[in-house]
Amino acid sequence: MKINFYSFLVYILLIIGIVGSGSLVIDEIKTGNGCPKVLGIPMCIVILICFIIPFIVHVINKKSIFYFLFTGTAFSIALIASILQFTHNAECPKTSYGTPMCYYSFIIFLNLLIFKVLDLRLKGKHK
């Protein structure tokens with residue numbers, strides 16, 4: 001099976017996201033203080049799920065609606081978290097360099113949406 005450039009980028013970003021959010025989930029499990037909670041639900045777990053489901057969908061190359069549903073949901077969460085962080089109304093977990101991780105999530109999910117659309121368009125031209 002040959003994959004195109006955009007599909008490859010989707011794989012890379014999803015793997016980066018799974019590893020990154022997975023480490024936050026591990027911290028959350030160990031300390032109970034690894035990520036912000038909404039209604040008692042750790043958002044890092046939600047974000048991890050929103051990386052895993054699109055990864056599975058991308059691998060099996062079916063049901064893109066689920067890819068966009070979960071990626072779009074996480075994009076919305078990351079956008080809101082980034083705005084709240086930027087306006088000092090919330091606090092996102094930070095990298096070792098002090099950069100809020102919600103900024104990275106926003107950029108990753110935005111690119112996942114863009115690259116998947118480009119991937120599907122390219123695949124549509126080759127059918």
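Some observations on this one:
- Flag for Ile56 being of a type outside the set (Ser, Thr, Tyr), free of Cβ contacts under 8 Å to residues at least 12 places away in the same chain and outside any helix (DSSP H, G or I): no
- Within segment 73-91, the set of residues being assigned to a helix (DSSP H, G or I) and surrounded by 15 or more Cβ atoms within 10 Å (Cβ to Cβ) comprises Thr73, Ala74, Phe75, Ile77, Ala78, Leu79, Ala81, Ser82, Leu84, Gln85.
- In segment 77-127, the qualifying residues are those that are within 17 Å of Ile52 (Cα to Cα) and among the polar types (S, T, N, Q), and the one that is nearest to the chain's Cα centre (by Cα) is Ser105.
- Flag for Phe51 being open to solvent by less than 40 Å² (accessible area, probe 1.4 Å) and aromatic (Phe, Trp, Tyr): yes
- Residue check, Leu9 surrounded by 18 or more Cβ atoms within 10 Å (Cβ to Cβ), more than 19 Å from Pro100 (Cα to Cα) and in contact with a helix residue (DSSP H, G or I) (Cβ under 8 Å, 6 or more places away or on another chain): yes
- Being among the basic types (Lys, Arg), surrounded by fewer than 18 Cβ atoms within 10 Å (Cβ to Cβ), out of contact with any strand residue (DSSP E or B) (no Cβ under 8 Å at 6 or more places or on another chain) and at pLDDT below 95 is not true of Lys94.
- Considering segment 12-31, the residues that are more than 12 Å from the chain's Cα centre (by Cα) and closer than 12 Å to Ile45 by Cβ include one that is most open to solvent (accessible area, probe 1.4 Å), namely Ile29.
The values are calculated or read from the model by the stated rules, or taken from the named source; none is laboratory data. The model shown is predicted, which means the values in this text are computed figures rather than measured ones. Every residue, glycine as well, gets a Cβ built from its backbone with ideal geometry; the counts of neighbours run over all protein chains shown. Protein only, heavy atoms only, side chains kept; ligands, DNA and RNA dropped before computing areas. Shrake-Rupley method; radii C 1.70, N 1.55, O 1.52, S 1.80 Å.
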